[in-house]
Amino acid sequence: MAQAANADFKTRLQTWLPKLVLSPSLAMVLIFVYGFIAFSVYLSFTDSRLLPSFGWVGWENYSKLWRLSHWETSITNMGIFALLYIGICTVLGLSLAIFLDQKIRAEGFIRTVYLYPMALSFIVTGTAWKWFLDPGIGLENVMQSWGWTSFEFDWIKNRDFAIYTVVLAAVWQTSGFVMAMFLAGLRGIDNEILKAAQMDGASNWNLYRRIIIPQLRPAFLSAFVILSHLAIKTFDLVIALTGGGPGRATELPATFMYSYTFSRNQMGIGAASATIMLMTIAAIMIPYLYAELREKK
Amino acid sequence: MGFLDIDNTTKSYGAVEVLHNVDISIEEGEFLVLVGPSGCGKSTLLNMIAGLEEISSGEIRIKDQVMNGVHPSKRNIAMVFQSYALYPNMKVGQNITFGLEMHGTPKPEREKAMREVANLLQIEQLLDRKPGALSGGQRQRVAMGRALVRDPDVFLFDEPLSNLDAKLRVDMRTEIKKLHQKLGTTIVYVTHDQIEAMTLSTRIAVMNGGYVQQLGTPQDIYDTPANIFVATFMGSPAMNVVPARVAVENGKPMARVALHDGTETALPFSQDNMADWDGKDILLGIRPETITDEDAADRKSSNIAHMTNRIVVTEPAGSDTFVTMTMGGKDVIARMRSDAEVHPGADFTFAVNMEKAVAFDPATEARIAP
Amino acid sequence: MMAHATQDTAIRTGRAVRMLIYLVLVLFALFYMLPLYVMLVNSVKPLDEITGGGMMNLPQVWTLAPWAKAWSSAQIGVEPTGLSPYFWNSIKMVVPAVAISTILGALNGYVLTKWRFRGDTILFGLMLFACFIPFQIVLIPMARMLGLMGLAGTTWGLVLVHVVYGIGFTTLYFRNYYAVFPTELVRAAQIDGAGFFQIFWRILLPSSGPIAVVSIIWQFTNIWNDFLFGASFAGADSQPMTVALNNLVQASHGVKEYNVHFAGAILAALPTLLVYIVAGRYFVRGLMAGSVKG
C-alpha cells in the first residue's frame, strides 16, 4: 500500500482526531440516552418496585397499567390537553403572526412581549397562574370586590375544569414562540409571488388562504412537532399549578410516572408508563428527524 | 516522467466511479487547464492533486514524488479557490502569511515575503484591511498573493474567475497570464469557461463524464477535436455538426448535405481518405467562422466550396453578424462580417472553407478526418 | 427569524381592519403581560391587601419586605433560609453545565460538518433525538448511575446530567451554523498547513460569536428553568432555584404568604428574563445566521 507508506504519523493522527474529538459526546449519548432507554424498557418487564429488580414478568406491568383508573385519567387528560394546547397555540400563533406582519408600529416591542413567557420556568408560570386563578384571592375575588358579586371562576379547584387551566397556562407560555415561528415563515415568502397574486385580483382573504398559508407548511410541521413533544413532556407546569389535583383531575403521564416510580414504589409500572411516553414521542420525532436530515444531505 | 504526473488515476465514492483512469503528464512551467461542464470531474481531479480528496487508485506524482496519502500542506502546492476562501477574521497581511506561519517560518522572513508579493500584485495598500472590506477583484488578488507567497511547485486554481463580473474577469485573465509568463510557474487551472481555457493554457484537458476526452494544445483541441463533445464544447458559437453522406464524385470524396428545401449540395473533402467512407453517413463539423461570404473567404485555403442556401435569422453582434440557416435538418450558424449584405428570408451564396471541416463517425462520435 | 423585519409586505389593508388588528394585538399584549403584572404588584404589597380582593390593584402601602423575606428568611423545606442559597446552587450548576455543553457542541458541530465521514448523519440523528426524549425514561437508571459515580445529590451530578441532555441541542446549533461556513476556508487552511485544532481555533472559532450566543442563551434558559432533574437528583444542599420555589409555594403549613411567593417567583425568573431582554435579539440574529429550522 503506497498510501499507508507515505502517510506520516502526523497525517495519520490528523485523520483520527475528528473521530477522537467526537467520541466523548458520542459515548455519553450512547450510554446515558440509549443505554438508559434500554435499561428502563427492560425494567418495565420486571417486578421492580422500590428498587430495580430483575425478575422477568413479561407484559404484566403493561396490562396492570392499562387497568389503572389513575393511568386512564392521565391518558384522557393528555388527549384533551394535547388537542387543545396544540390546536390553540397553532391557531393563535398563526393569527398573531399574520396580524403582526401588517407593517405594525412597535412590532419589535410587541414581539418581545409575546415571546417573553418562553424565557420563564414552568414553575414560575405555574405559581403566577395558580394564585391568579385561585378563587379565594385571584380573579373571582377581584371581580367580586369590584362589585360583580355573582362572578364565579373556580376552574382550578373544579375536577371537571382544572385541566383547562393547565391548557390556559401552557398556551400562555408557548403561543408567542409559535407566533415567532410563523412570523419567520411569513417573512420568508417571496414578495413577488404576493404581488403577482394581487395582479391576478386575489383578495387579502384569498391571498392568505390560497397562496400564503399553503406555503407555511414547513412552519406548521415544525410547530406541530415542537408542540406535541412539549405536550407529552409537560410535567413542571402541572406540579406547580395544580399538583395533579384536585384529586387526580390534572394528572398527566409524566406526573403519573413520577409518582408511581418515586412515591408509590411501583418502579415496574412507572417504567412501563415512561416507555409508552417514549414510544409516542418517537412515533412523531423519528419520521420528522429522518426527513429533515435526509433533505440536508 | 514529467513535472506533474497523473498516472492511471481513478476516484470512486463507494461503488460509484466518478473519474476513470485519468492519465495526464505535464512539464515544468506548463499551464494546464481542466475544462468541462459541471459534474465532469475536473474539480475532483484538482482536489486529488491538492490532497483534499483521496486517490482511489493510480498515482499522482509531483517532481517524481508520489503524493498519494501525503497531507496537502506537505505537497508544496498552493491553491486559489473559487470563493477565494480568505479567512474573514484575519487581515489581508495575516491571510497571506498564515501558511508560512503554519510552516514555522520566522516572522521577519514572513514579513519580507509578504511585502514582495504585495508589491508584485500591487496590493500593499490593502494589507491592513479585512477581506470583508475588499472588492471582488481585490479579494482575487489577495487569494493569488496567498498562493504566491508559498513559492510552491504547483499552483492550483479552482474556477478563480467565476465570481467576478464580465469585465473584471477579462482583466484578471490577462493578469494571470502575465503572471504565468513572468514567473514561469507550473499551473493547473479548472474552469467551465472554454474561452478561459483557450486563452490561458499551454495545454488543455477537456473532460466529460469522468473521462478526459482530449488532452492537447489549444490549437489541437480547436482544429482537430477528438470527438463531437470536444468539438461542440470548445468554441463559441459552437461548431456546427451536420448529418451528411459521403459520395465519391470524379474520384474526389464529397460530403452531400441537404439544404433548406431538401435539395443536396456537395462539399468536397480535403482528405482523400474520406473515400473509404463512400456511401456511408457521417457527421460533418464546420466552425461558424469558416462559413462566410465570398469576399471574406480565407485566401490561403485551397478548398473553398460554395453553396446557396436560405437565410433564416440574422443576428448583428457589432463586430460580426451571425446568420442562421438550415442544413441537414439542423440549424447552422455562419459568422459573417458585420457589413455582409444578408437578409432573413433571402437566398445567399456562402463560401465554406472545407480545409477546416472535420468529419465524425456517427456511431462512435469520434473524429475520422482529418 | 426576523431576517427581513424591514421588508415591505405586499398586503394592503383598510383603515377599519387596521384598527381592529391593533386592538387584537394590544389585547393579547395585555394577556401576556398580565401574570408579570400580577407577580410584580403583589410582590410589593402587604398580604392583607391581596387577601382583601386587591390582587389587581396597585399597592396602597409599598413594601419590599416580601422580597427580603423570599430572599433570606422564608421557610424552604425545614430551614428558614430564604431562596438565596438555592439561587447560588443554581448558578454553581448552570455556569459549568452551559460552558461544557457549549464547548462540546462546538467541537461536535465542527467535526460533523468539516470532517465528515460515513455514518456521520446517523450519529448526529442519534444525538438530536436525545434532545426530545421524555426524560422520565432515563430517571431510574440515571439515579443509579449517579449513585455509582458518587455524584448522587451533588451539584456536579446535576452538571453532568445537564451536559448529557444538552449536547444534542448545542451540537445542532453549531452543526447548522458551521454547515454554511465555507468549506473552502477549511481546505485553504489545510493547504496552508493548519491542523485540526488550529483550523478550529484560528479559522472557525473567531467567526462563531453569533451561534455561541444562541447556544449559551438556550442552555442557560433550559438549565436554569429545569425542574425535573433538580427535583429528582438534587440533594439538600444542591437544590436549584426552581425546586426551592416550588417547595416554598407548595408548603402546606402556616399562612400562605402570596406576596412572598410572588417575590420568590420573580427572583427565580429574573436571570432568564434579564438574558432574554438583554440578549434576546442576538439570539434571534444568531439563529438566522445558522438558518436553523424549528
Against the 2.2 N^0.38 Å scaling, with N counting residues, where does chain B land? I'd like the Cα-based Rg ratio to two decimal places. 1.18
Could you state the orientation-averaged shadow area of the convex hull built on the Cα atoms of chain C, in nm² to one decimal? 21.6 nm²
Under 12 Å from the Cβ of residue B:356, count the other residues' Cβ atoms, weight Lys and Arg +1, Asp and Glu -1, and hand me the total. -2
Once the dipole of segment B:240-369 is set up from charges on Cβ (+1 Lys and Arg, -1 Asp and Glu), the residue from the list B:369, B:319, B:270 lying farthest towards its positive end is B:369
Counting other Cβ atoms within 10 Å, which chymotrypsin sites (Phe, Trp or Tyr not before Pro) in segment A:148-185 have at most 15 and lie in a DSSP loop? A:148, A:151, A:161
Cut-off of 10 Å, at most 14 other beta carbons, DSSP loop: longest stretch of chain B lacking such GluC sites (Glu not before Pro): B:55-340
Structure-based [θ]222 nm, chain B - -39500 (n - 2.57) summed over DSSP H runs of at least 4, per residue, nearest 500: -7000 deg cm²/dmol
Once the dipole of the protein assembly as shown is set up with Lys and Arg at +1 and Asp and Glu at -1 on Cβ about the Cα centre, which of A:275, A:30, C:273 lies farthest towards its positive end? C:273
Karplus couplings for segment C:221-238 from phi (6.51 cos²θ - 1.76 cosθ + 1.60, θ = phi - 60°), rounded to Hz, Gly and Pro as x? 4, 4, 6, 4, 7, 4, 10, 4, 5, x, 5, 7, 10, 7, x, 4, 9, 10
Using only Cα atoms, find the angle between the long axis of helix C:15-42 and the longest principal axis of chain C, and express it within 0 to 90 degrees, rounded to the nearest 10. 70 degrees
Semi-axis lengths, Å, segment B:240-369, gyration tensor of Cα atoms, sqrt of 5 times eigenvalues: 25, 15, 13
Once normalised by the length of segment C:180-294, the mean sequence separation of its alpha carbon contacts under 8 Å that are 6 or more apart gives a contact order in percent of 36 percent
In whole µm²/s, the translational diffusion coefficient that Stokes-Einstein assigns to chain A, given a Kirkwood hydrodynamic radius over C-alpha pairs, 37 °C and 0.692 mPa s, equals 142 µm²/s
What range in chain C is the longest one free of chymotrypsin sites (Phe, Trp or Tyr not before Pro) that are in a loop by DSSP and have at most 15 other Cβ atoms within 10 angstrom? C:118-294
How big, in percent, is the set of alpha carbon pairs in segment B:26-171 lying more than 27 Å apart? 25 percent
Towards the positive end of the charge dipole of segment A:74-188, with charges on Cβ (+1 Lys, Arg; -1 Asp, Glu), say which of A:139, A:100, A:85 has the farthest Cα. A:100
Could you tell me the extents of the protein assembly as shown's C-alpha atoms along the three principal axes, largest first, rounded to whole Å? 122, 69, 65
Net charge dipole size for segment A:170-232 [Lys, Arg +1 and Asp, Glu -1 on Cβ; Debye, nearest 20]: 80 debye
Too long at a 24 Å Cα-Cα cut-off: which of B:167/C:114; B:11/B:74; B:63/B:91; A:195/B:167; B:177/C:114; B:252/B:300? B:167/C:114; B:63/B:91; A:195/B:167; B:177/C:114
Could you give the dipole magnitude of chain B about its Cα centre, charging the beta-carbon of Lys and Arg +1 and that of Asp and Glu -1, in debye to the nearest 20? 1460 debye
Counting Lys and Arg as +1 and Asp and Glu as -1, each charge on the Cβ, what is the dipole of chain C about the Cα centre in debye, to the nearest 20? 840 debye
Taking segment C:1-128, how much of its Cα-Cα pair set, in percent, is spaced more than 26 angstrom apart? 64 percent
Here D for segment C:15-67, in µm²/s, from Stokes-Einstein with a Kirkwood Rh over Cα pairs at 4 °C and 1.567 mPa s, works out to 102 µm²/s
Extending each Cα 7 Å along its Cβ direction at residue A:190 and residue B:178, get the distance between those two points in nm, one decimal. 4.2 nm
Using the membrane-span-like helix rule (whole DSSP H runs, Cα extent along the own axis of at least 27 Å, mean Kyte-Doolittle hydropathy at least 0.5), which helices of chain A qualify? A:9-29, A:69-100, A:162-187, A:267-296
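Coordinate-derived values only; no laboratory data. This structure is a prediction, so every number in the text was calculated from the model and none was measured. Virtual Cβ from ideal backbone geometry, glycine too; neighbours counted across all protein chains shown.
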